Structure formats: structure tokens, C-alpha cells
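I have placed the structure first, in the form of C-alpha cells, so that the comments after it can refer back to it.
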Amino acid sequence: MNNATLQNRVPEDLMRRIADCVNTALTDDIQRYLMENHPETTNAIPYLIGDFINTNIKTRIVGGDVEQISFKRYSWNGRILVDRANRVTYTIMRRKRLAQLRTDKRDKPHYLQSVVAVLNEEFVAPQSQMSLFDYDPQPKFDDETLQKDFATIVDESISRTNGYIHCVISYETDRGELTDINVLLLDGNLNEVERIPMHEYIKPDYSKLTNTYATPEADEQCENAASDSLVSVRRNAVETDETPVELHEERKQA
């Protein structure tokens, strides 16, 4: 698939609206939450951002040929956006989380691994993305495991034989602001095949010029702490698109 073909399958209006949902979650929704609740700590902010994004997509985008598929992993509820007209499915994920998935050692596949392994089976990245540090590659799950896991996620509502592909909306933040966002087509190893930049749809947060409340930085702090913990702690990540947290011992093999 060339870039022009991917561009034709991802409508400009949909990209704009998705970027707006992410931007609103990071600015208006989080600031409103802080102003209304005055929490003593802000440890839940990274996870609230994902909840706000999913809520915004449901209220602003879903309808007609666009719908959401719900699935559950442990206590975490996930959403996949489906564009029936163009036969493209989407998940939204922080860039740092996607980078972590490429090196995670897991006993069971992350949902994104299963989805791209099935829907994007025919695609191969031009070159594998290498880390600055040596690391053991993530384990390869067999086709049967990935197919079964994929079936539990989409519940037969999506099929590769119908021509569907999967894209990740990858975004990055700095001090609570959306700084980068792209549509990524990945191969089965989570390597990038194609990219559509969405920078032009990022809106600056003018409210910060007059807002007396501090911009939440808990999401960045939490991510940095989680990254540091990887040096000394071997863990299996929670099925979330935000920064992973430690699991209780009894859930590590779930």
C-alpha cells in the first residue's frame, strides 16, 4: 500500500475531529476536572485522559458509518473506532506507550499486537525500528493465539477478509499540551509501514494565557517514573493505552 492509498482511506475530516477530541481531553476536560474536584493528588490523570478521549469520540464522532467497538481486558475497558465506509479501524495511543509495547516481554499478547497481526498481516515495514539500547525482541506469539485473541476483541464484527486494516492514532504531549499526532499503519511487529501527519489539526491552548490554575503535569511525571522503574522491576503491563503500572503478583500471568 502506498501513502496515497492510505491517505484516501483516512478522511481529512475524521482526522481533524479525532485530533480535536484528543486536544479537548488534554485541555478542557482535565482542567475542568481539576477545577471541580480539587484533588489532593493527580495520580489518575493519565488514565482520565484516555477516558475523556473515548467519551469525546463517542459524543462527537460516532454515528452513521462510524462506530465504536467495546472490549475488556481485566478491569480495563478498551475501545476501537471503526470507519465502516473506508474499512479502517483505529485505536488511540500515547507515543511512549507504543514504544514500550515494542520491547515489552509478555506472556500474552497486548490487544494491539493481536489486531495488527490479523488485520495488517500483509504489510511489512520498510525497515525495523531499532532502539538505542540492546534489548531482547518481544516474543513471537503463534498465529492461533493471535487469531483467538483477536476474536475476543472484535467479536466477529470485523474481518480481514472484508478488507479492513488497522491504524493507530499516536499522540505526544508536553506539559499537558498536545504537541504531535499521527496516523500510523503498523505491521505485525508494531513497526511503522506508513504515516499521515496530523500536526495541522493541533490547536494551541489559548486559555493558558489567562487560566490561574496550573496545567497538570502528572501525566508526564507518571510516565517518567514508570520508565525509570523498568530498569529494576520486571513487570507485565496493564492492558491500557496510557502508562503501565505494576500488577499484583496474582495478575501478572493473567
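The values are calculated or read from the model by the stated rules, or taken from the named source; none is laboratory data. Here the structure is a predicted model, which means the values were calculated and not measured. All Cβ positions, even for glycine, are placed from backbone atoms using ideal geometry, and neighbour counts span all protein chains on display.
Return yes or no: is Ala117 among the hydrophobic types (A, V, I, L, M, F, W, C), in contact with a helix residue (DSSP H, G or I) (Cβ under 8 Å, 6 or more places away or on another chain), part of a helix (DSSP H, G or I) and within 24 Å of Leu146 (Cα to Cα)?
Yes: the conditions hold for Ala117.
Quick check on this structure: which one of Thr59, Thr55, Thr41 is farther than 30 Å from Pro109 by Cβ and modelled with pLDDT of 95 or more?
Thr59
Could you pull out every one of the strands (runs of 3 or more DSSP E) wholly within region 19-114 that has 1 or more residues that are surrounded by fewer than 15 Cβ atoms within 10 Å (Cβ to Cβ)?
By residue number, 66-73, 76-83.
Would you mind stating whether Ala19 is at pLDDT 95 or above, of a type in the set (Gly, Ala, Ser) and closer than 27 Å to Gly163 by Cβ?
For Ala19, the condition - at pLDDT 95 or above, of a type in the set (Gly, Ala, Ser) and closer than 27 Å to Gly163 by Cβ - is met.
So if I check each of Asn77, Asn43, which one is more than 23 Å from Asp13 (Cα to Cα) and without any contact (Cβ under 8 Å) to a residue 24 or more places away in the chain?
Asn77
Within region 173-190, take every residue that is assigned to a loop (DSSP other than H, G, I, E, B) and surrounded by 18 or more Cβ atoms within 10 Å (Cβ to Cβ) and give me the one that is modelled with the lowest pLDDT.
Filtering region 173-190 for residues that are assigned to a loop (DSSP other than H, G, I, E, B) and surrounded by 18 or more Cβ atoms within 10 Å (Cβ to Cβ), the one modelled with the lowest pLDDT comes out as Gly176.
Could you grab me the full set of residues in region 146-163 that are free of Cβ contacts under 8 Å to residues at least 12 places away in the same chain and either within 14 Å of Gly78 (Cβ to Cβ) or in a loop (DSSP other than H, G, I, E, B) (or both)?
Answer for region 146-163, where residues must be free of Cβ contacts under 8 Å to residues at least 12 places away in the same chain and either within 14 Å of Gly78 (Cβ to Cβ) or in a loop (DSSP other than H, G, I, E, B) (or both): Glu156, Ser159.
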